[in-house]
Amino acid sequence: MIRIALCDNDPDDLNELLILLEQYRSQRGWDLIVMPFHSSLDLLTTMERGIRFDILLMDILMPGQNGIETTAEIRNFDSDVKIIFLTSSSEFAVQSYTVNACDYQLKPIQAERFFKVLDSVFDSCTQERASQFLI
């Protein structure tokens, strides 16, 4: 089971991501738990309470704290979560490396490219889990 957090303040973008993830789950047969968040503060509060995710799909341009700042805070207590930025701005692409982002995609999200990135990230998650059992 792969646990995914979506964080985007735009309800339409959040809904589009939920639809894409459902298509991906249906096509690939993955068992997913998906939790949407409308603000970075809600996401941070949830994660600070101990809820962990395998993958974080994060918008950058949000009111208050932006996605880069939020993921920098998250990295203080979770170095394993795979971060994929999904944003309408290319201006933070270089800065996304400072939080070890796996990918940076511009909106509107193209399903084929998004699914390829998810394939890679899901494979990484399952390999890491398998190696934990070998230790």
In this structure, is Leu61 among the hydrophobic types (A, V, I, L, M, F, W, C), touching a strand residue (DSSP E or B) at 6+ places or on another chain (Cβ under 9 Å) and within 25 Å of Arg28 (Cβ to Cβ)?
no
Working only within the stretch 48-66, note down all residues that are at pLDDT 95 or above, farther than 13 Å from Leu118 by Cβ and outside any loop (DSSP other than H, G, I, E, B).
Met58
Some residue of the stretch 74-92 being farther than 18 Å from Leu14 by Cβ, among the β-branched types (Val, Ile, Thr), in a loop (DSSP other than H, G, I, E, B) and open to solvent by 50 Å² or more (accessible area, probe 1.4 Å)
no
Mind checking which residues of the stretch 1-41 are at pLDDT 95 or above, among the acidic types (Asp, Glu) and over 11 Å from the mean Cα position of the chain (by Cα)?
Asp10, Asp12, Asp13, Glu16, Glu22
Cβ-Cβ distance below 7 Å, separation of 6 or more or different chains: which pairs start in the stretch 30-50 with a residue that is surrounded by fewer than 16 Cβ atoms within 10 Å (Cβ to Cβ) and end on one that is of a type in the set (Lys, Arg) and not in a helix (DSSP H, G or I)?
Ile33/Arg3
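The values are calculated or read from the model by the stated rules, or taken from the named source; none is laboratory data. Since we're looking at a predicted model, the values are computed, not measured. Every residue, glycine as well, gets a Cβ built from its backbone with ideal geometry; the counts of neighbours run over all protein chains shown. Each accessible area value is taken on the protein alone, full model and side chains, heavy atoms only, with ligands, DNA and RNA left out. Shrake-Rupley method; radii C 1.70, N 1.55, O 1.52, S 1.80 Å.
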